[in-house]
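A short worksheet on the structure shown next.
The values are calculated or read from the model by the stated rules, or taken from the named source; none is laboratory data. What you are looking at is a predicted structure, and each value in this text was computed from that prediction instead of being measured. When we count neighbours, we look across all protein chains shown, and the Cβ atoms used for this are built from the backbone with ideal geometry, even at glycine. Accessible surface is based on the protein model in full, side chains and every heavy atom, while ligands, DNA and RNA are left aside. Shrake-Rupley method; radii C 1.70, N 1.55, O 1.52, S 1.80 Å.
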Amino acid sequence: MTDTVHDTAVHPWMNEDLTPRERALALVGAMSTEQKIAQLHGAMATIDLFAMAGEMPDLSQMTEEDMEALAAQLRIDRHVKGDDDLGIPRLRVTNGPVGVGMGDGTPSPPATALPMTIGVAASFDPEVATRYGDLIGKESAHLGQHVLEGPGLCLHRLPNGGRNFEYFSEDPYLTGVMGTQVIKAIQSNDVIAMAKHYVVNDQEIERMRANIEVDEHVLREMYLLPFEMACKDGEVASIMSAYNRVRGTYASENRYLLHTVLREDWGWDGYVQSDFWAAHSAVPSLSAGLDLEMPDSKWFNEANLKAALADFTLEMATVERALVRRFTQMFRFDQFGKPYAPTEIPADAHGAVSRRIGADMAVLLKNDAQVLPLPVEAGKVLIVGMDKFAAKACQGGGGSSRVIPLYTVDPLPGTRDVLAALGSTSTVELCVVERDLSNLDEAIAAAAAADTVLIMAGSIATEGADAPTPEMPFGQDAMVSALLGANPSAVVVLKNSSPAMLPWIDQASTVIEVWNQGAEDGHTVADLLWGVTSPSGKLPTTYAARLEDLMHHDDPVRYPGTDEGDGFPTMRYTEGLRVGYRWFQAEGIAPLFPFGYGLGYTSFALTDVAVSSASFEGSPVTVTATVTNTGDRAGAEVVQVYLGIPVGGQPPKRLVGFAKVALAPGESASVEIVVDPAATHHPFSVWDDATGGWATPAGTYTVHVGTSSEDTPHVFGITVAPVA
């Protein structure tokens, strides 16, 4: 279909003077039963791969070749069929938390492979999130796609979670802020954003079967909070339901989540799509609030739904409700009446944006000897590490979010490009260490002979499989330790999908976390190392010192779950609100690197810190401070505000505000962070099970101000008086 009819007499829903909902109602009112049912599901043909099992295979057991074959099939027919008679366009759907990947087409067209979403959160900069979402939205529009399945708003409950790379953070507020900015930017390009995976799909193990048991106040204050912010602040048009069960009921047919929370509590009016093959019923799912089954019609097919309509187990009003919800959003973003006319993505311009975003998210973990930034004349430079990290641009992110890149810049040519632009006469060579470490001695000798050594190591997470532990795979820890032994001044460049254990950390003087950078890896990393750009990111998730320090260590009830007699694993979130930095602080465990931590190439002083009031009467509280760049290079610092809630069971601190400020050497700037009790993230409130709502308890709240979750030397009290 290339065009839609604009005769408003024949098709009144094409009248642009009507509201999107009025147009949707008019359209649905003109549809036959068969036309309505055809619009409730995707049009992907049945895939032989799933014919025997009837559901998604265990990706953790698949080879790379199997994954590529699966990915090729998943790129076919990701759409809902159009209807020429009604002027309904073919709804083209693409994945996209880390760039436009696996869109509707055969195969998907290439796009800009962006850095991972975890890095966007590490920037602690909403403007970075806006640029990120805008680029994804623009490329979706270039490729003629209507829906972008992202961003992902689940939390990093576990450091080894398989989809941590496409989720933001362990903190619900940071996740909500950054996710909301991404959503707004995507939708500014008339592309529907889809927040996912709703909800508590925080781990990939047994995701098609697992059940999550979580207390209501924990669900509300932690795991639902980013979605609430996305619905209320971001006005997200769509939500994707998760694979897992929640309290015994699949997320895709969970009326409490899909109706009570979304519709009644939050007043949200978008539509809910299932994750691919996440629907498990017809009538229960539709009635609960699932509006669109993807990618096919296993359940929402004509035979099932006509039979249910005939015996009154399904009402036509329920079918129409689902369609009105989706069509309203399509009209909202002007997706009717447009021809399908893909245009070329400006690869160079978008690559430049990606390169800048990548620089803003890097986290400098150690720089003890001030090795970084490297001098322009660095002598004989050696890049050393395994192929995925040292030889190739580290795209990261396996599974459905994988992007076919327009181009990639590998570390060796990228480093040479940057040095050439700086006028350096340094030489750059590459030594690839085999995965079995069979040539490690050769690499050690090369490192000992080089003037500047860049050890590149990391992890690439994937949908469908959690890592066994957060340790770096393929024996890289032994490799890093051996190379540091040969050249103690070597720079360790980490390219991680998730937080990692760093057992060699005491050997290293210089460590920088750049995450999985995507297409511009080679340029971005060299820019950072030679000071063309400066690292200013902060860790969005805690790095633990030991496996024994992790919340789920040796506790199968929390993870990977136990069979409680139902035949499927149940994970109980018995840690409550103690997730990430909240766990470490509540348990008195010192992390290796705390949440919110990150160094730079300069130094900063935080002075004149103050809070607007010592008493709370329901009005916003303003935290002010002066930030001064006390070093000799330009850089950026993030002022962070945490709040201690005077209620038993609450962790010592929760993040409630932050602001990033860029300063030239010697420059100062005033920072103002407003903590509004009426804000969507409920900064002063806790969930009250008795009333089924949010409450602000009386007592003394503690305001902590600093530059990481552990470094908050400025402390203030705010008193909330009891309700008379």
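Observations on the model:
- Percent carbon-and-sulfur accessible area, the stretch 528-681, ignoring ligands, DNA and RNA, probe 1.4 Å: 49 percent
- Pairwise Cα distances in the stretch 568-724 exceed 18 Å in 63 percent of cases.
- Candidate lysines - alpha carbon under 23 Å from Lys298, same-chain residues fewer than 8 apart omitted: Lys36, Lys81, Lys196, Lys306
- Rg and Dmax of the stretch 476-617, both derived from C-alpha coordinates alone, stand at 19.8, 61 Å.
- Dipole magnitude (debye, nearest 20) for the chain, charges at Cβ of Lys, Arg, Asp, Glu: 720 debye
- Under a 5 Å amide H cut-off, with hydrogens placed 1.01 Å from N, Gly717 pairs with Val703 among residues at least 5 apart or on other chains.
- Converting phi to 3J(HN,Hα) with the Karplus coefficients 6.51, -1.76 and 1.60 and the offset θ = phi - 60°, the stretch 635-647 yields x, 9, 10, 10, 7, 10, 10, 10, 10, x, 9, x, 9 Hz in sequence order, with x at every glycine or proline.
- In nm, spacing of pseudo-spin labels at Asn15 and Ala352 (7 Å Cα→C-beta vector): 4.7 nm
- For the chain: accessible area per residue (Å², 1.4 Å): 34 Å²
- Every Cα-Cα pair in the stretch 216-324 was counted, and those over 18 Å apart are 48% of them.
- C-alpha long axis of helix 126-142 to longest principal axis of the chain, angle in °: 50 degrees
- The relative contact order of the chain, computed from alpha carbon pairs under 8 Å that lie at least 6 residues apart in sequence, is 14 percent.
- In degrees, nearest ten, helix 347-361 long axis to first principal axis of the chain (Cα): 60 degrees
- If both residues of a DSSP beta bridge must be in the chain, then about 55% of such bridges are antiparallel.
- D (Stokes-Einstein, µm²/s), Kirkwood Cα radius, the stretch 337-424, 0.890 mPa s at 25 °C: 150 µm²/s
- Summarising the overall dimensions of the stretch 562-605 from its C-alpha atoms, the Rg and Dmax are 17.8, 57 angstrom.
- Nearest-ten-degree value, helix 476-486 long axis tilted from longest Cα axis of the chain: 20 degrees
- Evaluating 6.51 cos²θ - 1.76 cosθ + 1.60 at θ = phi - 60° for every residue in the stretch 364-369, the Karplus couplings come out as 7, 8, 9, 8, 4, 9 Hz, glycine and proline recorded as x.
- Computed from the alpha carbon atoms alone, the convex hull of the stretch 467-547 holds 114 Å³ per residue.
- For the chain, fraction of C-alpha pairs farther apart than 41 Å, in %: 30 percent
- Largest-first principal axis extents of the Cα set of the stretch 403-505 (Å): 45, 38, 23
- The lysines whose alpha-carbon is closer than 18 Å to the alpha-carbon of Lys366, local same-chain residues fewer than 8 away aside, are Lys495, Lys538.
- Evaluating 6.51 cos²θ - 1.76 cosθ + 1.60 at θ = phi - 60° for every residue in the stretch 428-436, the Karplus couplings come out as 10, 10, 10, 10, 8, 8, 5, 5, 8 Hz, glycine and proline recorded as x.
- Per-residue ellipticity at 222 nm computed for the chain from its helices equals -7000 deg cm²/dmol, with DSSP H segments shorter than 4 residues left out and the rest contributing -39,500 (n - 2.57).
- Computed in the context of the full set of protein chains, the accessible area of the stretch 399-453 at 1.4 Å probe radius has 50% of its extent on carbon or sulfur.
- Alpha-carbon centroids, the stretch 293-313 and the stretch 358-395: separation in whole Å: 55 Å
- The stretch 326-379, accessible surface, carbon-and-sulfur percent (1.4 angstrom probe): 55 percent
- Over the stretch 81-195, volume per residue of the alpha carbon convex hull, in Å³: 104 Å³
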